[in-house]
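Asks: Can you keep this structure in mind? I'll have questions shortly.
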Amino acid sequence: MLRAPHGAATRPTSEKVREAIFNILGTVEGARVLDLFAGSGALGIEALSRGAAEATFVDKAAPAIRALGANLEALGADGIVFRSEARRYLGSASRSGRSYDLVFLDPPYRLDAALARALPEAIKAVLAPGATVVSESDRRAPLEIDLPIEDERRYGDTLIRIHGS
C-alpha cells in the first residue's frame, strides 16, 4: 500500500480507477512518463511497474514530496522528483527540450482559474509525437484540454479522460 500525504490537500487516485486507467491505456512499455500533481506518485509508480522507461514526478507540496520519496524507496523504484509548481516545471521542461509519451494530470479539483487556463498549452509543449494525456477531474467541473478525447469514463464523482495528441 502506498503512503499518501496527510490532510485534504491530496486526493489519491483509487486503486479501482488506477486499474481502469491502465486497462484503457494498454502497454506503457518504454514510455517516458510525467506525473503532474503527483501526490503519492501512484500513477507514475504504476507506470514504472508496467515497464515505463522513466517517470518524472512533480508536486509543489512538501508532504506529497516526502510521501512520494518514501513510496519510491519502499518499492525500490527509480523516479525523478521535482518539488515545483506545475506551470513552472512545464516551462522549464519545455525550454530544456524534455518530452513525454504519457502525462498524468490529476490537479486539485478546485484548480485555480489562471492555472486551469494555462495548463493545457503548457502541457502541449512537452508532448512527444503520439503522446497520451490522462486527466482526472471532478465530473461536475471537467478539466478542459484542447486535445482529442479518445476515451472518457466516470467513476462516482471522478471523470477520467484519455486524450491523444
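Asks: For segment 148-165 and segment 117-141, write down the distance between their C-alpha centroids in whole Å.
Replies: Computed from Cα coordinates, the inter-centre distance equals 11 Å.
Asks: Rounded, prolate or oblate: which fits segment 8-82, taking a ≥ b ≥ c as square roots of the Cα gyration tensor eigenvalues, rounded meaning a/c under 1.5, else prolate when a/b beats b/c? Show your work: numbers first, answer last.
Replies: Values: a/c = 1.87, a/b = 1.31, b/c = 1.43.
Oblate, because a/c is 1.5 or more while a/b does not exceed b/c.
Asks: Skip the ligands, DNA and RNA, and give the accessible area per residue of the chain with a 1.4 Å probe, whole Å². It would help to have the intermediate numbers written out before the result.
Replies: Numbers: 8300 Å² over 165 residues.
Result: 50 Å² of accessible area for each residue.
Asks: Okay, moving on. Just to be sure I understand: if I project the alpha-carbon convex hull of segment 87-154 onto a plane and average over all orientations, what area do I get in nm²?
Replies: 4.6
Asks: Next up: In segment 57-102, which trypsin sites (Lys or Arg not before Pro) are in a loop and have at most 11 other Cβ atoms within 10 Å, using DSSP for the loop call?
Replies: Of the trypsin sites (Lys or Arg not before Pro), not one in the loops of segment 57-102 has a Cβ with at most 11 other Cβ atoms within 10 Å.
Asks: What does the charge count near LEU48 come to, summing +1 for each Lys or Arg and -1 for each Asp or Glu among other residues with Cβ under 14 Å from its Cβ?
Replies: Details: positive: ARG18, ARG32, ARG50; negative: GLU29, ASP35, GLU46, GLU54, GLU73, ASP78, ASP101.
With Lys, Arg at +1 and Asp, Glu at -1, the net is -4.
Asks: Rounded to the nearest 500 deg cm²/dmol, what is the calculated helix-only ellipticity per residue at 222 nm for the chain, with -39500 (n - 2.57) per DSSP H run of length n ≥ 4?
Replies: So the calculated ellipticity at 222 nm is -10000 deg cm²/dmol.
Asks: Let me ask something else. Work through the residues other than GLU152 whose Cβ is under 11 Å from its Cβ and net out their charges, Lys, Arg +1 and Asp, Glu -1.
Replies: Every neighbour counted, the sum reads +2.
Asks: Give me the net charge of GLY30's neighbourhood, meaning all other residues with Cβ under 10 Å from the Cβ of GLY30; Lys, Arg count +1, Asp, Glu -1. Don't skip to the answer; put the middle values down first.
Replies: On the way: positive: ARG32; negative: GLU29, GLU54, ASP101.
Net charge around GLY30: -2.
Asks: Along the three principal axes, how long is segment 47-164 when you take its alpha carbons, biggest first, rounded to the nearest angstrom?
Replies: 36, 34, 29
The values are calculated or read from the model by the stated rules, or taken from the named source; none is laboratory data. In this text, all values refer to a predicted model and were calculated from it rather than measured experimentally. No Cβ is skipped: glycine too gets one built from the backbone with ideal geometry, and neighbour counts run over all protein chains shown. These area figures cover heavy atoms from the full protein model, side chains too; ligands, DNA and RNA do not enter into them. Shrake-Rupley method; radii C 1.70, N 1.55, O 1.52, S 1.80 Å.
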